[in-house]
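Following: one structure in structure tokens, then a few remarks.
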Amino acid sequence: MRLAIYQVDAFASQVFVGNPAAVCPLEDWLPDDVLQSIAQENNLSETAFFVPNKDKIHIRWFTPTSEVNLCGHATLATAFILFEKMDFEGEVITFESRSGALSVSRENQNLVLDFPSQPGTPCEIPTALIEGLGREPVEVVAGESYLALFESEEDILGVDPKWERLRQLHPRTVIVTAEGGECDFVSRFFAPSFGIDEDPVTGSAHCMLTPYWANKLKKAKLTARQLSQRTGELVCELKEDRVLISGKAVLYLEGTIWVDG
């Protein structure tokens, strides 16, 4: 069986920055073990698979080790492929997913994700989190991830994760964040128990970061920078119970894979 595959750098305006994602269009769903094997072979933080379904498109995301409920950068990458390579008609794509309906619109040179807001709640700081980050945060809120606040951008750059300790927090991932110097806030994202030690640019993390910083800074529209080695720039806006996340994408690779079946 021959399948098309694309690799897209999301939240980037040039290759070799942002977050790379693989995108595989399908006519029908393959067995889950085949999807997982493809994602493992790709060895990227996320591989997105999608199947057209009437007026919506069903999307799923896999890390090298497991399926996840929500992924921002791979959704952005999938929308980019639909718009740029598959001649999608219209300016808004609606996806059906494990996290409900998600839309991506095209606005000038940007793609805008419309995702659910996922605010956290204050919690006690787990010992494994302090030991895994090597320092104690100012405060922590819990939701889909543990979000740990630090005092400065330099603190975020200085975090040296201990992966074995952070794995013990499964199924929660870890976001570290601080107010930014040249943007509203900065962050890093760790998910070692999902086969991703540090993710370069994490759209889904901003579903939690955006309501958190909107409340702290008393503003709805925010600029963000993820301080991974590749870096990424995002614009986020809180609109009631939704988060709008804007960014660019660029094609890196287009090819064909062969799968038994």
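Show the residues, 5+ positions off or on another chain, whose built amide H is closer than 5 Å to the amide H of G232.
It is Q226, by chain and number.
Step through the residues of segment 23-39 one at a time and calculate ³J(HN,Hα) from phi using the Karplus curve (6.51 cos²θ - 1.76 cosθ + 1.60, θ = phi - 60°), rounding each to whole Hz and writing x for Gly and Pro.
Couplings: 10, 10, x, 10, 7, 9, 5, 8, x, 4, 5, 6, 4, 5, 5, 5, 4 Hz.
Compute the distance in nm between two label points, each set 7 Å from the Cα along the Cα-to-Cβ direction, one at T121 and one at E84.
Those two pseudo-labels are separated by 4.2 nm.
Figure the gain on full extension for Q229 and A101 (residue separation times 0.36 nm, minus the Cα-Cα span) and round it to one decimal in nm.
Between Q229 and A101, full extension yields 42.9 nm more.
Taking θ as phi - 60°, what are the ³J(HN,Hα) couplings along segment 236-248 by the Karplus curve (6.51, -1.76, 1.60), each to the nearest whole Hz, with x for Gly and Pro?
Listing the rounded values in order: 10, 9, 8, 10, 6, 9, 10, 10, 9, 10, 10, x, 10 Hz.
Under 8 Å for C-alpha pairs, at least 6 residues apart: give me the relative contact order for the chain, rounded to a whole percent.
23
Which value results when the Cα radius of gyration for segment 68-140 is divided by 2.2 N^0.38 Å?
Expressed relative to 2.2 N^0.38 Å, the Cα Rg reads 1.58.
What is the sum of charges, Lys and Arg at +1 and Asp and Glu at -1, for the other residues whose Cβ falls under 13 Å from the Cβ of D114?
-2
Subtracting the Cα-Cα distance from 0.36 nm times the residue separation, let me have the gained length for R135 to N69 in nm, one decimal. Intermediate values should be presented prior to the final figure.
Details: separation 66, 0.36 × 66 = 23.76 nm, distance 2.94 nm.
Full extension from R135 to N69 adds 20.8 nm.
What is the angle, in °, between the Cα long axis of helix 206-217 and the longest principal axis of the Cα atoms in the chain? Nearest 10 is fine, range 0 to 90.
40
Name the residues whose placed amide hydrogens come within less than 5 Å of the amide hydrogen of S103, ignoring near sequence neighbours (fewer than 5 apart) on the same chain.
Distant-sequence amide H within range of S103: F95, D114.
For segment 1-86, which trypsin sites (Lys or Arg not before Pro) are in a loop by DSSP, counting at most 10 other Cβ atoms within 10 Å?
Sites meeting the loop and neighbour criteria: K54.
Which entries of K54/K248; K216/K239; K221/K248; K85/K221; K218/K248; K162/K219 show an alpha-carbon separation above 23 angstrom in the structure shown?
K54/K248; K85/K221; K218/K248; K162/K219, as the Cα separations exceed 23 Å there.
From the square roots a ≥ b ≥ c of the eigenvalues of the alpha-carbon gyration tensor of the chain, which class results: rounded (a/c under 1.5), prolate (a/b over b/c), or oblate? Spell out each step's value before the answer.
Numbers: a/c = 1.87, a/b = 1.43, b/c = 1.31.
It is prolate, given that a/c is not under 1.5 and a/b is the larger ratio.
Kindly provide the helix-only [θ] at 222 nm of the chain, computed as the sum of -39,500 (n - 2.57) over DSSP H runs of four or more divided by all residues, to the nearest 500 deg cm²/dmol?
The per-residue figure over the chain is -6000 deg cm²/dmol.
Measure out, as a whole number of angstrom, how far apart the alpha-carbon centroids of segment 135-170 and segment 29-44 sit.
Cα centroid to Cα centroid, the span is 30 Å.
Which of rounded, prolate or oblate describes segment 116-260 when judged by the alpha-carbon gyration tensor and an a/c cut-off of 1.5?
Values: a/c = 1.58, a/b = 1.11, b/c = 1.42.
Because a/c hits 1.5 or more and a/b fails to exceed b/c, segment 116-260 counts as oblate.
Express the relative contact order of segment 121-239 as a whole percentage, based on alpha carbon pairs under 8 Å and six or more residues apart in sequence.
Once divided by the residue count of segment 121-239, the mean separation gives 19 percent.
Once phi is turned into θ = phi - 60°, what whole-Hz ³J(HN,Hα) does the Karplus curve with 6.51, -1.76 and 1.60 give for every residue of segment 92-97, x standing for Gly and Pro?
Values, residue by residue: 9, 9, 10, 10, 9, 8 Hz.
Bear in mind these aren't lab numbers, they're just calculated from the coordinates by the rules spelled out. Being a predicted model, the structure only gives us computed values, none of them experimental. Glycine also receives a Cβ, built like all others from the backbone with ideal geometry; neighbour counts cover every protein chain displayed.
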